[in-house]
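The values are calculated or read from the model by the stated rules, or taken from the named source; none is laboratory data. Computed from a prediction, not measured in an experiment: that's the story for all the values here. Neighbour counts are summed over all protein chains in view; Cβ atoms, including those assigned to glycine, are modelled from backbone coordinates with ideal geometry.
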């Protein structure tokens, strides 16, 4: 089914803001988003929103706990998760949103797979090419659907 897109509310049409901020489509396309919990994604969205052109920002733990409505241990886990997945670097009090690494599919060379007639491989989900912007709400909706 092909959906024809049309502007629903012309008076509220989004414009590119004067300040620097974006979310790279590769976050979804290359499945970086699938490696993160919801609190980690909330922290990442916040950092991407407030960072400068070099990806730098600084917010105290107390401010982040309050703004993201996380308790302190949840914030620490979310931050460590983003560090482990190589989405951010952190050195108190400075955060840096990092350029996205290539997806694991792009990094790993293809391996020869021997077919076992008694074992059928699990179907793989095709990667979706994004030609239009995706809202964070759509991303979170997809994640919630996959989690169920």
With the first residue restricted to the range 20-32 and required to be more than 19 Å from residue 83 (Cα to Cα), and the second required to be surrounded by 14 or more Cβ atoms within 10 Å (Cβ to Cβ) and modelled with pLDDT of 85 or more, Cβ contacts under 8 Å at 6 or more apart or on different chains are 20/51; 21/48; 21/49; 21/50; 21/51; 22/48
Could you tell me whether any residue of the range 68-86 is free of Cβ contacts under 8 Å to residues at least 40 places away in the same chain, over 18 Å from residue 37 (Cβ atoms) and exposed (fewer than 13 other Cβ atoms within 10 Å of the Cβ)? no
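Among the helices (runs of 4 or more DSSP H) lying completely within the range 60-148, list those that include at least 1 residues that are modelled with pLDDT of 65 or more and within 24 Å of residue 47 (Cβ to Cβ). Lay out the reasoning, then the answer.
Values: elements: 61-68, 72-84, 104-107, 136-147.
In the range 60-148, 61-68, 72-84, 136-147 are the helices (runs of 4 or more DSSP H) which contain 1 or more residues that are modelled with pLDDT of 65 or more and within 24 Å of residue 47 (Cβ to Cβ).
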So the check is Cβ under 7 Å with 6+ separation or different chains; which pairs have a first residue in the range 39-55 that's without any contact (Cβ under 8 Å) to a residue 24 or more places away in the chain and at negative phi and a second one that's surrounded by fewer than 21 Cβ atoms within 10 Å (Cβ to Cβ) and assigned to a loop (DSSP other than H, G, I, E, B)? none
The range 40-58, residues that are surrounded by fewer than 19 Cβ atoms within 10 Å (Cβ to Cβ) and assigned to a helix (DSSP H, G or I): 45, 46, 49, 50
